[in-house]
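Just below is one structure, and these are the notes that go with it.
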Amino acid sequence: MDGCSLFLIKSLRSQIDNMESSFSSSLGNNSSRILVIGGTGMMGQHLVKASLAAGHPTAVLVRPASSSKLELLETIKASGATVIGGDIYDHESLVAAFHQVDVVISAVGHHGPHDLEDGQLRIVAAIKEAGGSVKRFVPSEYGCDVEQAARSAAVLEPARSIVLAKVRVRQAIRAAGIPHTFVCSYWAHGFVLPRLGDPHADGLPATRATVFGDDATRAIFVHEADMAAVTVRAVDDPRALDKTLYLRPPANTCSLAHLVRLWEDKTGRALDKYYMPDEELVNRIRDSPLPLNFQLAMVHATVVAGVCDQTVDAEAGGVEATELYPDVNYVTVHDYLDGLKESLTRNVNS
């Protein structure tokens, strides 16, 4: 490592130390101090914004390991969040970070079931050692209810292994007695809608759309900003303590076939539609690499097998976000498609 890089890393560590000291001084603030792990990813950035917007002292866990973090650090500082140095693979740094906060929200990505489970269990172990400092933990999920999904044989590999890994993380959280909220927010707008539900696609279809499933089986779509806003509201809500929180806005529930028709209506242009047979989808799952095979397997589980058309089981600790927070105005599928159409029109006219 050259001298310039060493200097930049030392500078980064110094800035993190100063920001941690400032964050610790927020102890007198009545709002819960929230730490987001994975705060630089897509979902993580929405969580940081939502936490700040709700008035929480907000921190992001950052590894002080490379000079490339300096620009990110400045962006985080400008947003009003604090940087706390740490790494999920450095147990002591995690424990130290957790002593400074009340709530830990994980938005850590993964490359497979082992990676996912190992990372989340490291967080669980550090929260346990922090000895009650953390009053609420939200693990990295933001999909379907994995415990309901795990009971269905229709969830194919590699999605099944990832679902089971998340179930084991939930079991570890409960066994450790960690106060928690599990968030089930289903399909993210930003990932699914710009491709009309087709993981193969590079963007919106120009002339031909592939349609999975039929009109009888529906998916639930939630904007990432809404996922984040509801998650942040839940972390201080006793009604969501040790519960599974479901985000199921009625206006955002539809089949992928209906989604394609909505786009046709908005653009005034009919598409050539290919309704992929279930057997072909299963073969594509088998023959595709990660992460495409996982994405296709979740498409199959949702709109072919209907695994994610889930009920809220109150006896098993389920609560419905639209009932707890009826004032939330969710970005609808219609709203999002309107935005995509406007963006497409601007690009054509520019």
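Read-outs: derived from the displayed coordinates by stated rules, not from any lab. Note that this is a predicted model, so its numbers are computed, not measured. Here Cβ is always computed from backbone atoms with ideal geometry, including for glycine, and neighbour counts include all displayed protein chains.
Might you let me know whether segment 309-332 holds any residue that is closer than 30 Å to A153 by Cβ, acidic (D, E) and part of a loop (DSSP other than H, G, I, E, B)? Scanning segment 309-332, I find at least one residue that is closer than 30 Å to A153 by Cβ, acidic (D, E) and part of a loop (DSSP other than H, G, I, E, B), so the answer is yes.
Candidates T181, T217, T207: the one that is in contact (Cβ under 8 Å) with a residue 60 or more places away in the chain, of a type in the set (S, T, Y) and under 21 Å from V304 (Cβ atoms) is T217.
Collect the residues in segment 283-317 that are surrounded by fewer than 17 Cβ atoms within 10 Å (Cβ to Cβ) and among the hydroxyl-bearing types (S, T, Y), keeping them in residue-number order. Within segment 283-317, T311 is the sole residue that qualifies.
Any residue that is hydroxyl-bearing (S, T, Y), in a loop (DSSP other than H, G, I, E, B) and out of contact with any Pro (no Cβ under 6 Å at 6 or more places or on another chain) - is there at least one of those in segment 255-263? Looking for residues that are hydroxyl-bearing (S, T, Y), in a loop (DSSP other than H, G, I, E, B) and out of contact with any Pro (no Cβ under 6 Å at 6 or more places or on another chain), one finds at least one in segment 255-263, hence yes.
Give me the residue from segment 183-223 that is touching a Pro at 6+ places or on another chain (Cβ under 7 Å) and surrounded by 15 or more Cβ atoms within 10 Å (Cβ to Cβ) and, out of that set, farthest from E129 (Cα to Cα). Looking at the filtered set, the residue picked out is L204. Within segment 170-195, the set of residues being within 15 Å of S140 (Cβ to Cβ) and in contact with a His (Cβ under 9 Å, 6 or more places away or on another chain) comprises R170, I173, A188. Taking segment 88-200 and the helices (runs of 4 or more DSSP H) fully enclosed by it, the elements with 1 or more residues that are of a type in the set (D, E) and more than 30 Å from A257 (Cα to Cα) are at 91-98, 113-129.
Taking the listed residues D242, D309, D272, the one that is in contact with a helix residue (DSSP H, G or I) (Cβ under 9 Å, 6 or more places away or on another chain), farther than 24 Å from R174 by Cβ and touching a residue at least 24 places away in the same chain (Cβ under 8 Å) is D309, with no other qualifying.
The residue list V108, V103 contains one member that is among the β-branched types (V, I, T), buried (at least 19 other Cβ atoms within 10 Å of the Cβ), within 21 Å of A176 (Cα to Cα) and more than 16 Å from the chain's Cα centre (by Cα), which is V103.
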